[in-house]
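Following: one structure in structure tokens, then a few remarks.
The values are calculated or read from the model by the stated rules, or taken from the named source; none is laboratory data. Keep in mind that what you see is a predicted model, and the values were worked out from it rather than measured. Note that we place each Cβ from the backbone using ideal geometry, even for glycine, and neighbour counts take in every protein chain shown. Surface areas here come from the heavy atoms of the whole protein model, side chains and all, with no ligands, DNA or RNA. Shrake-Rupley method; radii C 1.70, N 1.55, O 1.52, S 1.80 Å.
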Amino acid sequence: MNELLDPLLLARWQFGLTTIYHFLFVPLTIGLASTAAVFQTAWYRTGKAEYLRITRFFGGIFLINFAMGVVTGIVQEFQFGMNWSEYSRYVGDVFGAPLALEGLLAFFFEATFIGLWIFGWDKLPRGLHLATIWCTAIGSIVSAYFIIAANAFMQNPVGFQINEEKGRAELVDIGALLTNPVAVAAFPHTIAASFMVAAGLVISAAAWHLARNQHLDTMRPALKFGLWVMVGSGLLTTLFGDQLSLAMVATQPMKMAAAEATYDTVCGADASFSIFTLGTPDGSTELFSIRVPYLLSFLSTHTFDGCVEGINDLQAQYQELFGPGDYTPIIWVTYWSFRWMIGLGLAHVLVAVVGLWLTRRGRLPKQRWVWKIAIWSFPLSLAAMIVGWVFTEMGRQPWIVFSQMFTESAVSPNVTGLEVLISLIAFTLIYGALAVVEVRLVIRAIKKGPPEVGEPDPETGRHEPAATVY
């Protein structure tokens, strides 16, 4: 019973669950804002009704998602004071800087232009109104960078010094913090993956209507857009992920070793990447695997004869540097989350490639199962992002700030396990209810289809939006 009421364990579960839930909305917000901006630009340039209807359609889904993301995101800030007060006390001066920039600069910028976009359809000039959705899209991306910079400090702490007298870290170089190599590498990888998630929603929504042979004028171009964005952003996610792996090896070699469950240092052909492995329950001994020679060496060093340090060697090094202790993360979690991240993302790209082939030259498949796959494929890239986040955070353990602070030292000292358990149950129930609301609202918006637009202007032939938009 005491183990079940361990404040550290419960605080980790609460933060993990609430963060994963909030993360469901983040990539969609980033991707759908840009999607709406692209189609509104097409309408601005051509005046065609189908582009205006697509803008209104996905813009409405974006607003639902944004509102839910704001509600769930607020909880994240409070948790640092609720369950992780020692962490906040020790590194809050550093970690809080990019979060403050995100809240005071990027989020307010984004929120301001969202308001102008929502209420400015019939009040602002077309060009100025178009600028508001692009500013919203840019604001969401800038907001993501500040969050990633804050997280990168936990992976690779830079730009600070320890004040021995006060017993805490203090920010000394905001430039170093914001240009952290891990943040610079993780940012494009995350944004490209967010476009994959948004493209997945576009594909599924368009496929739902095309399978029923309705709204063909709007859903054909929407489907084509989603398929091409999925393929393009999938390639970019892979390329940027390769750069992120180099940054990971340079700053957190234990994470890469744990991703491959490599216990001993390997080089060249022995530094292989296992597609699938069966091992003993503790993960220390391999029983069977399917491997690609040299691939781990290439991913880690961009050479085929490079070496990858093993868990045992790194464990010995860390014990010398930081004292006795176990510095290995949970191997089976890092190993499989890394593979699920790659596999799910590639599966969604494969769906898009097949979709482009089946819809070439304006064709629409007749088989129902093709449309069902397109519709139900939406969770693939979103799940890939979630397990990728799990890999990133679990691979850092037992550190909450790598090399500076252990996770067990960061929990609030005066919060009992029962108190954390009560808040965990409360958040889970509330978030469960919000999930039902979110899913129902989005499904209802998708099934309702693109809204009608006004009659074309008799002089210009342009279609204009109705005065009441959302």
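Per residue, how large is the accessible surface of the chain? Use a 1.4 angstrom probe and give square angstrom.
47
Going by average Cβ neighbours within 10 Å, how do the peptides 337-347, 411-421 rank, with the highest at the top?
Final packing ranking: 337-347, 411-421.
Per-residue accessible area for Tyr294 at 1.4 Å probe radius, Å² rounded to 10?
Here the residue's solvent-accessible area equals roughly 100 Å².
Quick one: if you stick a label point 7 Å off each Cα along the C-beta vector at Asp326 and Leu346, how many nm between them?
A separation of 3.2 nm, rounded to one decimal place.
Any idea how far apart Leu5 and Val353 come out in nm if each label point goes 7 Å out from Cα toward Cβ?
5.5
What full-extension length gain, to one decimal in nm, is calculated for Leu104 and Lys123 as 0.36 nm per residue of separation minus the Cα-Cα distance?
Separation in residues times 0.36 nm, less the Cα-Cα distance, equals 4.1 nm.
Of Trp13, Trp117, which has the most accessible area and how do the rest follow, probe 1.4 Å?
Reading off the accessible areas and sorting them downward yields Trp13, Trp117.
Cross-chain or 8 or more residues apart, Cα under 18 Å: how many lysine pairs in the chain fit that? Count them up, please.
Going through the chain pair by pair, I get 4.
For the range 180-273, what does the relative contact order come out to in percent, with C-alpha contacts under 8 Å and a separation of six or more?
This gives 36 percent for the range 180-273.
Going highest first, how would you order 369-377, 320-328, 266-274 by mean Cβ packing within 10 Å?
So the peptides 369-377, 320-328, 266-274, ranked by packing, come out 266-274, 369-377, 320-328.
Calculate the FRET efficiency for Thr112 and Thr46 from the Cβ-Cβ distance with a Förster distance of 35 Å, rounded to the nearest 0.05.
0.80
Test of understanding: what is the full-extension gain from Phe304 to Arg368, defined as 0.36 nm times their sequence separation minus their Cα-Cα distance?
18.5 nm
Give the accessible area for Leu130 in Å² (nearest 10); use a 1.4 Å probe, count only protein heavy atoms, and leave out ligands, DNA and RNA.
That residue has around 20 Å² of solvent-accessible surface.
Rounded to the nearest 500, what is the chain's calculated 222 nm mean residue ellipticity when only DSSP H runs of at least 4 contribute -39500 (n - 2.57) each, over all residues?
Dividing the helical sum by the residues of the chain leaves -23000 deg cm²/dmol.
How much FRET efficiency would the formula 1/(1 + (r/R0)^6) give for Ala67 and Leu418, where r is the Cβ-Cβ distance and R0 is 41 Å, rounded to 0.05?
After rounding to 0.05, the efficiency reads 0.80.
Leaving out ligands, DNA and RNA, what percent of the accessible area of the range 66-184 is carbon and sulfur, probe 1.4 Å?
70
Could I have the simple spin-label model distance between Asp217 and Gln243, label points 7 Å from Cα toward Cβ, reported in nm to one decimal?
4.2
Give me the accessible area of Arg360, 1.4 Å probe, in Å² rounded to the nearest 10.
Using a 1.4 Å probe on the heavy atoms, I get roughly 70 Å².
With a 1.4 Å probe and every protein chain kept in, tell me what percent of the accessible surface of the range 191-275 is carbon plus sulfur.
Carbon-and-sulfur percentage of accessible area, whole number: 68.
Ranked by accessible surface with a 1.4 Å probe, highest first, in what order do Leu358, Leu364 come?
Leu358, Leu364
So between Asp270 and Ile20, what do we pick up on full extension, going 0.36 nm a residue minus the alpha carbon distance?
86.4 nm
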